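The structure appears right after this line, and notes come after that.
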Amino acid sequence: MNNVFSLAMGALVIILISGAGYFYLGESPAPEQSLEVTPISQEEGTTPKTEEAPAGGVADKKEVSGTNSETKIETGTKADNKPGVTSAPIETKTPKTLAVTYTDSGFTPNTLEIHVGDSVTFAKEGLKVMWVASAPHPVHTDFPAFDQKKTGDSYTFTFTKIGTFKYHNHVAPGNNGIITVK
């Protein structure tokens, strides 16, 4: 009986090992794709900056050298029709600061078109008090962050979102303007 028990245990061990081997070797993972990156030139002493792709994929990745040049890296098909990475240079925009003058007759210019990241400096050059704020008067709820919150001779605001934003002088609401951000 001891022999039968040993024989049964041996057979069980062989079956378990065979089964584990089958599952391990029977399901091979898909081969990984290798990605090639085209290097960009970099000035000596600068460190590249990288913006990570959004969660869930390798959508776009930008690498910027110290010279404000960028390389846009996208997954795609290379010239040899194999999956990989393609690279194309793109332009960068340096944020600008634009000026709006406030005189006794109002804002000049009273319409302005800018890009995301640009700043606008409102400067008082007349006798009227200036308090720049988003529309509507008096609650400033269209873009609450765009509000000087007090009177002053100068106010600078950086626009970080796309849209058309009406504004006015809170102290003289008839003086108003529009900023379009692209």
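FYI, it's all coordinate maths here, none of it is from the lab. Nothing here was measured: the structure is a model prediction, and the numbers come from that model. Positions of Cβ are generated from backbone atoms using ideal geometry, with glycine treated the same way; all protein chains shown enter the neighbour counts.
Figures for the structure shown
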{"read-out": "Gain upon complete extension [A99, A123; 0.36 nm per residue less C-alpha separation]", "value": "7.9 nm"}
{"read-out": "Distant-in-sequence amide H partners of D142 (H built 1.01 Å from N, under 5 Å)", "value": "A135"}
{"read-out": "Distance in nm between pseudo-label sites at N2 and K182 (7 Å out along the Cβ direction from Cα)", "value": "9.3"}
{"read-out": "Distance (nanometres) between label positions extended 7 Å along Cα→Cβ at K166 and S154", "value": "3.0"}
